[in-house]
Each structure stands twice: as C-alpha cells, then as structure tokens.
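What follows is one structure encoded as structure tokens, with my remarks underneath.
The values are calculated or read from the model by the stated rules, or taken from the named source; none is laboratory data. Keep in mind that what you see is a predicted model, and the values were worked out from it rather than measured. Here Cβ is always computed from backbone atoms with ideal geometry, including for glycine, and neighbour counts include all displayed protein chains.
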Ligand SMILES: Nc1ncnc2c1ncn2[C@@H]1O[C@H](COP(=O)(O)OP(=O)(O)OP(=O)(O)O)[C@@H](O)[C@H]1O
Ligand SMILES: [Mg+2]
C-alpha cells in the first residue's frame, strides 16, 4: 500500500514506508543523490532509522583512508545510523567513467554478492535502506549485470528522479517503460527542478503525470532540500 505522508509542514511525499528504495534517475546529474538525501532527511524527521547506500561509484577521490565518493559521503551524512564507508559503498573506482569500464580498468568485476552482504548489514542496523543507483536505469554494472538485477535481487521499490530539463520527457518515459519491462516495481517518480530557466515546466510535469503509470511522489524545488506539495503540479 502506498500512503501519502506529510514529512514536514507543507510537504508531501508518498512512499510505501515498509519498503527499501532504489533511487534511479533520467540520467546522470538528474538529482538522485539530492533526492536520496532528502528522502533520508524526511525519514529521520519522522523518527525512522534509515541508511543510504551507493553500492557502486566511480569518480572517487584518493584519501588517506582509501577511495571516497562524494555521493556516498553525502548519503552517510544523511543516514541514521551512519554506515561504515565500505558498507555504504562496497565498489569504489577512481576514474569518472561508467563503472563497469572503471572496474575493468583495475581488473575487477562488479558482482551481486558483496553488495547483498553490505545491504543486509545496513538493513539489520537501520531497518530501512535507500539505495542510489549509477547514472540512469540502463547503465550497466558489468558485462552480465544490469541495475535491474540488483533491484530484483534486493527486492527494492524503484523511485525515478526526473531531472526537469529539455529532453526529460523522452528520458522519463523510456526509463519508466524499461523499469516495468525489467519486471521491477516503479513506486513512483520525483519531479526535480534542476533547471530554474526551464520553460513550460508545469506542462511537462502534467505530461508525465498523464503518461507514467506510477504516482508523482513529490517535487524538489530548485535549490530546495525538502519535498514540496505534489498538488502544486496538478494540471
Ligand atoms: N533540486 C535541485 N536544485 C538545485 N540543484 C540541484 C537540485 N537537484 C540536484 N541539483 C544539483 O545538480 C547536480 C546533480 O545532482 P545530483 O548529484 O543529486 O545528481 P545525481 O543523479 O546523483 O548524479 P550522479 O549520476 O553523478 O550520481 C548537483 O550539483 C546538485 O547539487
Ligand atoms: Mg549521485
């Protein structure tokens, strides 16, 4: 059952509170981390324990402690309890390229088992896990592994972050179709206002509401960190 829940005054986002979430996006830079951090903050504000996970990350910094990824660090900072770095981000690669290529460059291969182990540790401590994907839905994890395989294996509900900019209708509708075609559950989508100059933004949102067979769960304003009422987008 999907229940609309007021997270903060004037804010509404509807997510089934019993399930773990996989945050995907219409593309890299659509706002997955921003939304995942907002979701974790909203859960914390409700007194729930939830941890973020970025199972696979490329574009990591070299530090004295090892490779560190900005997304994973942001998710850890937004988590309660805060996971150990390697549990949040079991696969970290330095070059900012597609992860299966980054893994190949260091003779590694991304596999499900270590991700599942880390996820189960997070779940045992936090109760609720918000997992951020890489790039868009069809970004591969290895020659034989897609993100859909991870989502099915961990039994996650998918949240699609639509980065509102020109071209997002095509990306959003293709993504929604692919998620369903892969046999995964699309819990809903988030309208993320990443372009303050986007024209006809409300009409774009209405177009997606009419065509995506899953609810608009919430919106993030440009520069916003909390969800705003979905009714603001009503056509
Ligand atoms: N609602 C918003 N308002 C303003 N800026 C935003 C918003 N959402 C995201 N951004 C900015 O857009 C950029 C991309 O966002 P974010 O890192 O969350 O995307 P992503 O989908 O997680 O990207 P990646 O594929 O690299 O993981 C960041 O600089 C972020 O601060
Ligand atoms: Mg990110």
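Note on region 77-99: among residues that are surrounded by fewer than 22 Cβ atoms within 10 Å (Cβ to Cβ) and part of a helix (DSSP H, G or I), the one that is nearest to ligand 1 (Cβ to nearest atom) is 77.
Considering region 41-54, and only residues there that are closer than 12 Å to residue 76 by Cα and not in a helix (DSSP H, G or I), the residue that is nearest to ligand 1 (Cβ to nearest atom) turns out to be 54. Only one of the numbered conditions (1) closer than 21 Å to residue 136 by Cα; (2) surrounded by fewer than 15 Cβ atoms within 10 Å (Cβ to Cβ); (3) out of contact with any helix residue (DSSP H, G or I) (no Cβ under 9 Å at 6 or more places or on another chain) is violated by residue 195, and that is (3).
Looking only at region 57-72, filter to residues that are within 11 Å of ligand 2 (Cβ to nearest atom) and not in a loop (DSSP other than H, G, I, E, B); which one of those is surrounded by the most Cβ atoms within 10 Å (Cβ to Cβ)? Selected residue: 72.
Just one residue in the set 205, 179, 115 is more than 16 Å from ligand 2 (Cβ to nearest atom) and either assigned to a strand (DSSP E or B) or closer than 22 Å to residue 97 by Cβ (or both); that residue is 115. Of the residues 1, 17, the single one that is surrounded by fewer than 24 Cβ atoms within 10 Å (Cβ to Cβ) and either at pLDDT 95 or above or out of contact with any strand residue (DSSP E or B) (no Cβ under 8 Å at 6 or more places or on another chain) (or both) is 1.
Among the residues making up region 160-178, those that are surrounded by 24 or more Cβ atoms within 10 Å (Cβ to Cβ) and closer than 10 Å to residue 24 by Cβ are 160, 161, 175. Might you check whether a residue that is under 23 Å from residue 221 (Cα atoms), more than 14 Å from the chain's Cα centre (by Cα), without any contact (Cβ under 8 Å) to a residue 24 or more places away in the chain and surrounded by 15 or more Cβ atoms within 10 Å (Cβ to Cβ) occurs anywhere in region 36-43? No - not one qualifying residue is present in region 36-43. Only one entry in 152, 177, 209 is farther than 23 Å from residue 78 by Cα, more than 15 Å from ligand 1 (Cβ to nearest atom) and touching a strand residue (DSSP E or B) at 6+ places or on another chain (Cβ under 8 Å), namely 209. Looking only at residues of region 210-235 that are at pLDDT 95 or above and part of a helix (DSSP H, G or I), we find that the one that is nearest to ligand 2 (Cβ to nearest atom) is 211.
The set of residues in region 118-149 that are in a helix (DSSP H, G or I), within 22 Å of residue 42 (Cα to Cα) and either in contact with a strand residue (DSSP E or B) (Cβ under 7 Å, 6 or more places away or on another chain) or in contact (Cβ under 8 Å) with a residue 40 or more places away in the chain (or both) comprises 119, 122, 123, 125, 126. Consider region 44-55 and keep the residues that are more than 11 Å from ligand 2 (Cβ to nearest atom) and modelled with pLDDT of 95 or more. The one that is farthest from residue 106 (Cα to Cα) is 51. In region 120-128 there is no residue matching the filter, namely being within 23 Å of residue 28 (Cα to Cα), within 18 Å of the chain's Cα centre (by Cα) and modelled with pLDDT of 95 or more.
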